[in-house]
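Okay, handing you the structure first.
What follows draws every value from the coordinates through simple rules; no lab data is involved. Just so it is clear, the structure is predicted and the values come from calculations on it, not from any experiment. Cβ atoms come from the backbone with ideal geometry, glycine included; neighbour counts cover every protein chain shown.
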Amino acid sequence: MSQLNLTADQILAFAVEALEDVKGDKITVLNVGNHTDMMDYMVICTGTSKRHVNALGQNVFEHLKSKGLQPLGSEGRGMGSDWVLVDLHDVVVHVMTEEARAFYDLEKLWDIQPEQL
């Protein structure tokens with residue numbers, strides 16, 4: 001559980017909503033709760049450019065703050081990065097360019113079947 005007693009499922013829904021609001025592409029949700037104690041879900045999303053990746057990460061961060069959840073932190077926002085990570089307690093969001101996503105292939109790394117949205 002996190003602040004305001006939001007469940008991991010609620011945080012996940014808000015994060016996906018924020019990504020969809022800014023036209024995030026290929027949103028994938030991995031349920032990693034049985035594989036790590038650090039988080040319940042990992043969300044991976046593709047942005048069309050570094051600017052879009054930053055906008056998606058920023059929107060997730062701000063959207064969750066508007067719901068009363070203070071994100072634990074983020075990496076890559078505002079830096080022209082091809083990968084932005086937002087830590088939302090029980091949910092970690094990765095926003096990447098197509099090239100970065102193909103290179104790091106987090107889905108294969110975790111070897112977990114994505115949940116259908």
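Just give me the residues in the stretch 39-73 being touching a Gly at 6+ places or on another chain (Cβ under 8 Å) and either acidic (Asp, Glu) or within 19 Å of Leu6 (Cα to Cα) (or both), in sequence order.
Result: Met39, Asp40, Tyr41.
State whether one or more residues within the stretch 60-69 are touching a helix residue (DSSP H, G or I) at 6+ places or on another chain (Cβ under 6 Å) and among the basic types (Lys, Arg).
Looking through the stretch 60-69, at least one residue is touching a helix residue (DSSP H, G or I) at 6+ places or on another chain (Cβ under 6 Å) and among the basic types (Lys, Arg).
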